[in-house]
Amino acid sequence: MELDHIKIISGTSNRPLAEEISKYLGIPLTPITIKKFADGETYARIDESVRGCNVFIVQSTSNPANENLMELLVLIDALKRASANDIIGVIPYYGYARQEKKIVPREPITAKLVANLLTTAGIKRMITFDLHVIQIQGFFDIPVDNLEAMPLFAEYLMDKGIKDIVVVSPDVGGAARAREFSRLLNTGIAIIDKRRPSQNEAQVMNIIGEVEGKNVVLVDDLIDTAGTITLGAEELKKRGAKDIYVCATHAVLSGPAIERLEKSPIKEVIVSNSISIPQGKKINKIKVLSLAPVLSETIMRVHRGEPMGLFFEKIFKQIAARK
């Protein structure tokens, strides 16, 4: 397939990332019109022909989640009715992912509901980063490329030349992620044992592993209100940890997050640009790494029908060679 059969469209949730991808691939963003009616309804129109093209829509379903999700659905429907060939959702941050199971009676499984909405609207494939739990891939009856930002973070930390590192999971549920990251960095691992009395509230119970005298890298998929991360960092500092770094793919940064991070003993918070961070939340502690190169390569491989495995094997081999 030639480049004239590929189109890249940006919703309003993360235009800067879409522009980076466009520049990286040398493919201009397809012009669209998005506006709101007086009652808040979303209107979208594709402003040039997409007939027979593979169309990649870049749109994270981040805050405001409902508006960004609805905008994505409307864009998908517009493309389907414009006779696009395949519609691929490039959704770096998949919202509602934390509602992936039923814990108490009469709760929804909203992550599955959103999957149904997207597939019914018409996407044929989804590209995303670090789903809250990988089982969400099974909610879709279409291919889902769940990419990882951890190699990007690993290379960044290697470039900083930090020694005596221990990778720490902020909870038991993230142990597998921390174990994989520790393998990339060839370090030890520790786990924070915490309980959550209610949503967005956490209490540290214990730390499993040795952190005294070590530089700590806390690893998580996202930072929302930053309560879990900052509480964990404070406890790690009490246990004798030296410098504390945080690596989290999705910078949700709700409510008191920025204030908590500013006051915390965390030295640096390393995140990706899966979510566009507003100017008012860009503090000195936050370092943003771009997903555009990986997403651009993924888009071209999907468009050409090439395997993804070889690309990521190359990345992991490059990291292994630096240890």
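The numbers here are math on the coordinates, done by the rules we state, and not lab data. These numbers were taken from a predicted model, which means no experiment stands behind them. Quick reminder, even Gly has a Cβ in these numbers, built from the backbone with ideal geometry, and neighbours come from all protein chains shown.
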Computed E for E180/Y43 - FRET, C-beta separation, R0 45 angstrom, nearest 0.05: 0.60
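Quick check: residue separation of K163 and Q135 times 0.36 nm, minus the Cα distance between them. What number comes out in nm? Each step should come with its number before you reach the end.
Values: separation 28, 0.36 × 28 = 10.08 nm, distance 3.43 nm.
Extra length from K163 to Q135 when fully extended: 6.7 nm.
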Nearest-ten-degree value, helix 15-25 long axis tilted from longest Cα axis of the chain: 80
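Would you mind telling me the antiparallel percentage of the DSSP bridges in the chain, rounded to 5?
Working: 11 of 51 bridges.
That works out to approximately 20 percent antiparallel.
Take the Cα gyration tensor of region 150-289, multiply each eigenvalue by 5, square-root it, and list the three semi-axes largest first, rounded to whole angstrom. Spell out each step's value before the answer.
Details: eigenvalues 83, 68, 37 Å².
Rounded to whole Å, the semi-axes are 20, 18, 14.
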Inter-part distance where region 113-189 and region 41-67 are each reduced to a Cα centre, Å: 25
In nm, spacing of pseudo-spin labels at K36 and S290 (7 Å Cα→C-beta vector): 3.0
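How high is the relative contact order of region 150-289? Use alpha-carbon pairs under 8 Å, at least six apart in sequence, and give a whole percent.
Numbers: 288 pairs, mean separation 27.8, N = 140.
Relative contact order of region 150-289: 20 percent.
Neighbour counts of other C-beta atoms within 10 Å: give me R81, R15 arranged from fewest to most.
On the way: R81 10, R15 14.
Going from sparsest to densest Cβ surroundings: R81, R15.
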Proxy reagent accessibility, fewest Cβ within 10 Å first, across H250, H303: H303, H250
Under-5 Å amide H pairs with D243, H placed in peptide plane, nonlocal only: V216
Contour excess over end-to-end distance, with Cα ends at N146 and R106 and 0.36 nm allotted per residue: 11.5 nm
